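The values are calculated or read from the model by the stated rules, or taken from the named source; none is laboratory data. Computed from a prediction, not measured in an experiment: that's the story for all the values here. Cβ coordinates were reconstructed from backbone atoms using ideal geometry, including for glycine residues, and neighbour counts include every protein chain displayed.
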Amino acid sequence: MKRDPKKAQAKLDAIAEFEHTFGLDRILSLDAAATKEWASFVGAREKHVMDAGIAAAAKTHGLIIVTRNLNDFADFRVPCLGPFRDPPLLVEYDNKPAKSK
């Protein structure tokens, strides 16, 4: 793998700016519980690995995902809000396991 110190520094600078702009109290960390949930989501569905990470963090923190594309999160059974729908659509799930297809 080719190393690019300038590109690496640019990414670190972007992260620092993001943290400064939004504040560390508004950024979710990927803790052990979220990592385990992410692994279970990825194991069940290889597609959309990054969406699985977002769903895992939301689930372990008891949050609702706000997204334009509700379909990307349907398999994870995490509450989602589609604010761009008319009217906005809130999708919630009970705690029962999803039926197998």
Q.
Filter region 1-49 down to the residues that are within 25 Å of F73 (Cα to Cα) and exposed (fewer than 10 other Cβ atoms within 10 Å of the Cβ) and list them by number.
A. D25, R26, S29, A32, G43, E46, K47
Q: Would you be able to say whether some residue in region 52-65 is farther than 28 Å from A16 by Cα, assigned to a loop (DSSP other than H, G, I, E, B) and at pLDDT 90 or above?
A: no
Q) Taking region 58-97 as the region of interest, how many residues are of a type in the set (D, E, K, R) and surrounded by 13 or more Cβ atoms within 10 Å (Cβ to Cβ)? A) 4
(Q) Being over 14 Å from the mean Cα position of the chain (by Cα) and of a type in the set (K, R) is the filter here; which residues of region 27-47 pass it? (A) R45
